[in-house]
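Here's the structure we're looking at; comments come further down.
The values are calculated or read from the model by the stated rules, or taken from the named source; none is laboratory data. Given the structure is predicted, the values throughout are model-derived calculations rather than measurements. All Cβ positions, glycine included, derive from the backbone under ideal geometry; neighbour counts span all protein chains shown.
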Amino acid sequence: MELHNSTIKFIAILGFIYLSKLLLNFFIWLWIMFFRPAKNLKREYGSWAMVTGSTDGIGRALAFELASKGLNLVLVGRNPQKLELTSKEIEKKHHGIFTKSIVIDFASCRGEEVARIIDEGIKGLDLGILINNAGLAYPYAKFLHEVDLELMDSVIRVNIEGTTWVTKTVISDMFEKKRKGAVVNIGSGSSCCVSSYPLCTIYAATKAYVAMLSKSISLEYKQHGIDVQCQIPLLVATKMPSIKKASFFIPSAETYSKASIRWIGHDQICIPYWTHALQTYLLRMLPDPILDWFMFRMHLVMRQRGLRKDSRIEHSKN
């Protein structure tokens, strides 16, 4: 009987410890997501920030949010008309904020040219924040053999080469000036929130590269006062995933950008938006084979929709 009671007490103690740990982790998560103070970006890093892919979606929303914090902006994009429009809208909404535009198409520029254009564009500026938001995905899910060479090359150039060369150029400038800085690379839930991402393979692989690049150079430059971070969004209502309407699990670009800015300078890899973090937690509870099956079936449906859309477009031309 005594042995039985001792066993029950031991199990109860283990259960108490486990539940206490769960509660502690939950309260830490609440603090981080909703109550941890954001850094004063201008005071911490300087008066200028650069955002690539700044004319649409998350990048545009991030640019406006940074301007609301009093930062001047270097806007990077491939469309000069959109850049000019975004620049004027920011300066009109946020009086006293200066903007500068850099026109560059990462899909067509080689690395050395990217470095030269960025280096010339930031000369003389107190650039303390870089947000690498420019990215390219498939128009819809495809098997690897269906991805044409031009699309494959563009995805790799924009997501890997563009991100790497811009990061190297800006970090070199920060390092030489011995100044504090923050580099934020926008990753993707496809690279770390699920066990696989079939039919969007190249895109997911490039985003896995971005996560590893960020984590590794964070260790290299932390001692020099440069905070490097990879932020992981899941679905956001933007043009790239063709989701126009925001919902509980899918925030608007404006809502997401507010959470994103609050995380700058905290953690190497992070999921800034709270419902995205919740989704990731739930997804990781599933066994990999079940999650793999689900992702494959979901992307097969998306592929069929894309093929039907292509067929309708082709039919309308004839």
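If I filter the range 136-190 down to residues being under 15 Å from TYR209 (Cα atoms) and in a loop (DSSP other than H, G, I, E, B), which single residue comes out as nearest to the chain's Cα centre (by Cα)?
Across the range 136-190, the extreme among qualifying residues is GLY187.
Can you report the number of residues in the range 279-314 which are within 22 Å of the chain's Cα centre (by Cα), loosely packed, with under 15 Cβ neighbours inside 10 Å and either at pLDDT 95 or above or not hydroxyl-bearing (Ser, Thr, Tyr) (or both)? Lay out the reasoning, then the answer.
Keep residues of the range 279-314 that are within 22 Å of the chain's Cα centre (by Cα), which gives 279-284, 295, 299.
Now restrict to residues that are loosely packed, with under 15 Cβ neighbours inside 10 Å: 281-282, 284.
Subsequent filtering for residues that are either at pLDDT 95 or above or not hydroxyl-bearing (Ser, Thr, Tyr) (or both) retains 282, 284.
Residues in the range 279-314 being within 22 Å of the chain's Cα centre (by Cα), loosely packed, with under 15 Cβ neighbours inside 10 Å and either at pLDDT 95 or above or not hydroxyl-bearing (Ser, Thr, Tyr) (or both): 2 in total.
Checking the conditions here, which among MET33, MET50 is farther than 30 Å from CYS109 by Cα, hydrophobic (A, V, I, L, M, F, W, C) and either surrounded by 10 or more Cβ atoms within 10 Å (Cβ to Cβ) or in contact (Cβ under 8 Å) with a residue 40 or more places away in the chain (or both)?
Values: MET50 fails: farther than 30 Å from CYS109 by Cα.
Result of the check over MET33, MET50: MET33.
Out of all the residues in the range 191-205, is one or more buried (at least 21 other Cβ atoms within 10 Å of the Cβ), within 16 Å of the chain's Cα centre (by Cα), modelled with pLDDT of 95 or more and of a type in the set (Phe, Trp, Tyr)?
yes
Just give me the residues in the range 98-108 being buried (at least 18 other Cβ atoms within 10 Å of the Cβ) and over 22 Å from the mean Cα position of the chain (by Cα), in sequence order.
THR99
Name the residue that is farthest from ILE129 (Cα to Cα), counting only residues in the range 174-190 that are among the polar types (S, T, N, Q) and at pLDDT 95 or above. Before you say what the answer is, go through the steps one by one.
Initially, the range 174-190 is screened for residues among the polar types (S, T, N, Q), giving 185, 188, 190.
Then drop every residue that is not at pLDDT 95 or above, which leaves 185, 188.
Working: ASN185: 11, SER188: 20 Å.
Here the answer is SER188.
Considering only the range 209-254, state which residues are under 13 Å from GLY57 (Cβ atoms) and charged (D, E, K, R).
Result: LYS239, LYS244, GLU254.
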